[in-house]
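**Q** The structure under discussion is supplied below as structure tokens; questions concerning it will follow.
The values are calculated or read from the model by the stated rules, or taken from the named source; none is laboratory data. Here the structure is a predicted model, which is why all the values come from computation and not from measurement. Here Cβ is always computed from backbone atoms with ideal geometry, including for glycine, and neighbour counts include all displayed protein chains.
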Amino acid sequence: MSAIKKTYLNKIKNNILNYAMVRRDVIKESGDALHYAKRAIFAMHRDNMKEAVEKIKESEKIIKALNKKHRNSKAILDEGAYKAALEEYVEAVLFYQFITTNKIDEIKSINIPGEIYIAGLCDVPGELYRYAIKSATERNVDMVKKCSKMAAEITGELIEFNLTSYLRNKFDQAKSAVQKIERVVYELSLRQ
């Protein structure tokens, strides 16, 4: 006969096993949402806005479904895969806003935690750098300058946040992208 009373242990075991099953679902679905957001960004770099919108909507649909399905399990929404998908979605939406309106604004279609919004925003200058390079090869100097201005404005706002840890690393990457865009603008100015 066992000296361990198993009722409580079985309850804990069931909770852990149930969480593991749900977690696998969140990781899989989040991976799909992240993939669609990355594809949206890739489409924007090819100036395929129709595809970009479709991929953003697919990513958003998955994220909304996850939020609804797991609204009673906030721990699931703290999973790294979910946060990565949300961050990539933010990056895609903000980059799309810039390309289509020359502005960056709040995302109202999904409730985005502030830290995730900032992390996604920190990634936008990297996309602006890639878009500026593409625009420079097409001799679209105006777009290169717009990319440079927006990237500088993003980092100018973010410097006020006194970011630390993960967000500080993201911010440092954003500053590096700004410097790269500034070099592109400088090199273009020498050719004019």
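**Q** Checking GLY80 against (1) surrounded by fewer than 22 Cβ atoms within 10 Å (Cβ to Cβ); (2) small (Gly, Ala, Ser); (3) touching a residue at least 40 places away in the same chain (Cβ under 8 Å): exactly one of these is not met. Which one?
**A** Checking GLY80 against (1) surrounded by fewer than 22 Cβ atoms within 10 Å (Cβ to Cβ); (2) small (Gly, Ala, Ser); (3) touching a residue at least 40 places away in the same chain (Cβ under 8 Å), the one that fails is (3).
**Q** Check ALA3, ALA52 and return the single one that is in a helix (DSSP H, G or I) and either of a type in the set (A, V, I, L, M, F, W, C) or within 15 Å of the chain's Cα centre (by Cα) (or both).
**A** Unique residue meeting the criteria: ALA52.
**Q** Could you list, in sequence order, all residues of the range 127-160 that are within 22 Å of ALA37 (Cα to Cα) and of a type in the set (A, V, I, L, M, F, W, C)?
**A** LEU128, ALA132, ILE133, CYS147, MET150, ALA151, ILE154
**Q** When you scan the range 88-192 for helices (runs of 4 or more DSSP H) that lie fully inside it, which ones turn up with 2 or more residues that are touching a Pro at 6+ places or on another chain (Cβ under 9 Å)?
**A** So the answer is 141-158, 165-191.
**Q** Residues in the range 47-65: is at least one among the β-branched types (Val, Ile, Thr), loosely packed, with under 14 Cβ neighbours inside 10 Å and either touching a Pro at 6+ places or on another chain (Cβ under 6 Å) or farther than 19 Å from ALA119 by Cβ (or both)?
**A** No, because not a single residue in the range 47-65 is among the β-branched types (Val, Ile, Thr), loosely packed, with under 14 Cβ neighbours inside 10 Å and either touching a Pro at 6+ places or on another chain (Cβ under 6 Å) or farther than 19 Å from ALA119 by Cβ (or both).
**Q** Moving on to the next point. Among all residue pairs at least 6 apart or on different chains, which show Cβ distances below 6 Å where the first residue, located in the range 149-175, is modelled with pLDDT under 95 and the second is loosely packed, with under 14 Cβ neighbours inside 10 Å?
**A** none
**Q** Going by what's in this entry, would ALA136 be described as closer than 24 Å to ASN48 by Cα, in contact (Cβ under 8 Å) with a residue 40 or more places away in the chain and surrounded by 12 or more Cβ atoms within 10 Å (Cβ to Cβ)?
**A** Here the answer is yes, as ALA136 does meet what is asked.
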